[in-house]
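**Student:** Right, I'll just put the structure down here and ask away after.
The values are calculated or read from the model by the stated rules, or taken from the named source; none is laboratory data. Source: prediction; values computed, not measured. With ideal geometry, Cβ positions are generated from the backbone for all residues, glycine too; neighbour counts draw on all protein chains shown. Accessible surface is based on the protein model in full, side chains and every heavy atom, while ligands, DNA and RNA are left aside. Shrake-Rupley method; radii C 1.70, N 1.55, O 1.52, S 1.80 Å.
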Amino acid sequence: MMTQVDKDLHHRVTAAFEQHFGQQPAHVIRAPGRVNLIGEHTDYNDGFVLPCAIGPSTMVAISGRNDGQVHVLATDFDDATDLFDLKDIRSSAHGWANYVRGMVDAVQKAEFELQGANLAIAGNIPKGAGLSSSASLEVAVGQAMLALSGTDIDRTKLAQIAQAAECDFVGTKCGIMDQLISAQGKAGHALLIDCRSLSLTDAPVPAELAIMIVHSGVSRGLVEGHYNERRRQCEAAAKAMGVAALRDADMAMLAAAKLDPVTHSRARHVISENQRTVEAASALEKGDLQRLGTLMAESHQSMRDDFEITVPAIDRLVDVLQKAIGNEGGARMTGGGFGGACVAVMPASRIPDVRAAVERGYQTPEGAKPMIMVETAGPGVRVMD
């Protein structure tokens, strides 16, 4: 059953499709954004993450073409358009188009046969918030192209193809988390993801628990930022300790390694974050909000001091959230860093007080009230029609 927000987005994307292409779409696909409760920069280190799918999503309306071309309408970019041929997919000067082109290219390289298509794309995931609008777009486009050809695909395989698109075509050397939770999300649950084996363990999010997402108003860009640099530092630390990935290292190994101070700090964050993430999944399952809050606070401190990916505005926002929540939950930055959103977990009864405290105690760099979203854990990608 669609929420009203989904109904509105569905109407917007289908109306845009019909107006631009002069026909009704064959399918409409929805892929959600995500929020990561804990486990930052651990995914590409073969570690653990604890995300859940959220309500904001990307929808793709699609119909077939017989000429091997893909025509794209991006309603969220002033109805910008793109056109490319399935047999000659090259990088575009328009950043948004590369996520579409890259996904189609990656699906074909995974040896799935595709036909030409008309696509209209619309979304309501705040851009630059660290809620994985890019992964949502990739997963939605991939599922749409495969649905058009009548091809079933394992959702984990779909996520792996989407990750390849972002790494190899877009140029962000990301881990698997964002694409996997968009593909495999489960209503009412966060998922503890083992990013090496890709095993998924349910972590129930009860109805009486609220997930609040607050956008700091500081937009971020992972390709333009320091994401790839952090990944290189982690790989250097793993190599120095003689392990395949930081997932395999522990604090004793780190203490014995002769790393420069910066690389040492980067590795310390990842090793400790993996431990926190596994423990946080257990705390969530037990309903131990106090322990979960402590782990979230420690995670934020580690991102700030060891991984150095927070910014002053984010730190202020987390402080406001944590003081308002007290010991009934926790708050931390979520996403790749250098801006974006913070996530907080608390009893649903605390929402009005925490919302008021944020609106009273925090302004965006432009002096505006921050965007506040209260979310529940939702399902992964699905065909809407």
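**Student:** Would you look at the GNM of the chain, springs on alpha carbons closer than 10 Å, and say which of ASP178, ASP82, ASP67 moves the most?
**Tutor:** The residue with the greatest mean-square fluctuation here is ASP67.
**Student:** Also, I was wondering about something else. If Lys and Arg each add +1 and Asp and Glu each add -1, what is the summed charge of the other residues whose beta carbon sits under 10 Å from the beta carbon of ASN36?
**Tutor:** Details: positive: ARG34, ARG332; negative: GLU40, ASP43, ASP178.
Around ASN36, the surrounding residues sum to -1.
**Student:** Still on this structure, I have one more. Assuming a ≥ b ≥ c are the square roots of the Cα gyration tensor eigenvalues, decide whether the stretch 286-377 counts as rounded (a/c under 1.5), prolate (otherwise, with a/b larger than b/c) or oblate. Kindly include the intermediate steps, with their values, before the conclusion.
**Tutor:** Numbers: a/c = 1.81, a/b = 1.08, b/c = 1.67.
It is oblate, given that a/c is not under 1.5 and a/b is not larger than b/c.
**Student:** So who's got an amide H within less than 5 Å of the one on ILE125, skipping anything under 5 residues away but keeping other chains? H placed 1.01 Å off N, in plane.
**Tutor:** For ILE125, the qualifying residues are SER57.
**Student:** Can you give the accessible area per residue of the chain, in Å², using a 1.4 Å probe?
**Tutor:** 40 Å²
**Student:** Let me ask something else. Could you work out which residue, out of ALA280, ALA15, ALA190, moves most in a Gaussian network model of the chain, that is, has the largest mean-square fluctuation with Cα springs under 10 Å?
**Tutor:** Top of the fluctuation ranking is ALA15.
**Student:** Here's something else I'd like to know. Rounded, prolate or oblate: pick one for the stretch 223-279, where a ≥ b ≥ c are the square roots of the eigenvalues of its C-alpha gyration tensor, a/c under 1.5 means rounded, and failing that, prolate if a/b is larger than b/c, else oblate.
**Tutor:** oblate
**Student:** Compute, for THR364, the solvent-accessible surface of its heavy atoms (probe 1.4 Å) with the complete set of protein chains present, and express it in square angstrom to the nearest 10.
**Tutor:** My reading of the accessible area for THR364 is about 20 Å².
**Student:** Local charge sum around PRO370 (other residues, Cβ-Cβ under 12 Å, Lys/Arg +1, Asp/Glu -1)?
**Tutor:** Residues near PRO370 contribute +2 overall.
**Student:** How big is the Kirkwood radius of the stretch 164-300, worked out from every pair of different alpha carbons and given in Å to one decimal?
**Tutor:** 17.0 Å
**Student:** For the stretch 214-370, build the charge dipole from Cβ charges (+1 Lys, Arg; -1 Asp, Glu) around the Cα centre, then report which of ALA331, MET251, SER299 sits farthest towards its positive end.
**Tutor:** Value: ALA331.
**Student:** Taking a 1.4 Å probe, which of LYS239, LYS7 shows the most accessible area, and what order do the others take after it?
**Tutor:** From most exposed to least exposed: LYS239, LYS7.
**Student:** Only sites in a loop by DSSP and with at most 11 other Cβ atoms within 10 Å count here; which GluC sites (Glu not before Pro) in the stretch 89-183 make the cut?
**Tutor:** Loop-located and lightly packed - GLU111, GLU113.
**Student:** Of all accessible surface on the chain at a 1.4 Å probe, what whole percent is carbon and sulfur?
**Tutor:** Numbers: 7380 of 15380 Å².
After summing per-atom areas, the C and S share lands at 48 percent.
**Student:** Could you check which residue among SER197, SER132, SER299 shows the biggest mean-square fluctuation in a GNM of the chain with a 10 Å Cα cutoff?
**Tutor:** Taking springs between Cα atoms under 10 Å, the residue moving most is SER197.
**Student:** Right, another one. Taking the Cα-to-Cβ direction at THR3 and at GLN19 and moving 7 Å from each Cα, how far apart do the two end points lie in nm?
**Tutor:** Result: 2.5 nm between the two label points.
**Student:** Of LYS109/LYS173; LYS7/LYS87; LYS127/LYS369; LYS87/LYS239; LYS186/LYS286; LYS109/LYS239, which pairs sit farther than 27 Å apart, going by alpha carbon to alpha carbon? Don't skip to the end; give the middle numbers.
**Tutor:** On the way: LYS109/LYS173 18 Å; LYS7/LYS87 35 Å; LYS127/LYS369 17 Å; LYS87/LYS239 39 Å; LYS186/LYS286 19 Å; LYS109/LYS239 30 Å.
The answer is LYS7/LYS87; LYS87/LYS239; LYS109/LYS239.
**Student:** In sequence order, what are the phi-derived ³J(HN,Hα) couplings for the stretch 181-194 according to the Karplus relation 6.51 cos²θ - 1.76 cosθ + 1.60 with θ = phi - 60°, rounded to whole Hz, with x for glycine and proline?
**Tutor:** Values, residue by residue: 6, 5, 7, 10, x, 10, 4, x, 9, 8, 10, 7, 9, 8 Hz.
**Student:** Can you compute the helix-only [θ] at 222 nm over the chain? Use -39500 (n - 2.57) per DSSP H run of at least 4 residues, normalise by all residues, nearest 500 deg cm²/dmol.
**Tutor:** -13000 deg cm²/dmol
**Student:** Determine, for each peptide in 96-104, 346-354, the mean count of other beta carbons within 10 angstrom over its residues, then list the peptides with the highest first.
**Tutor:** Ranked by mean Cβ neighbours within 10 Å, highest first: 96-104, 346-354.
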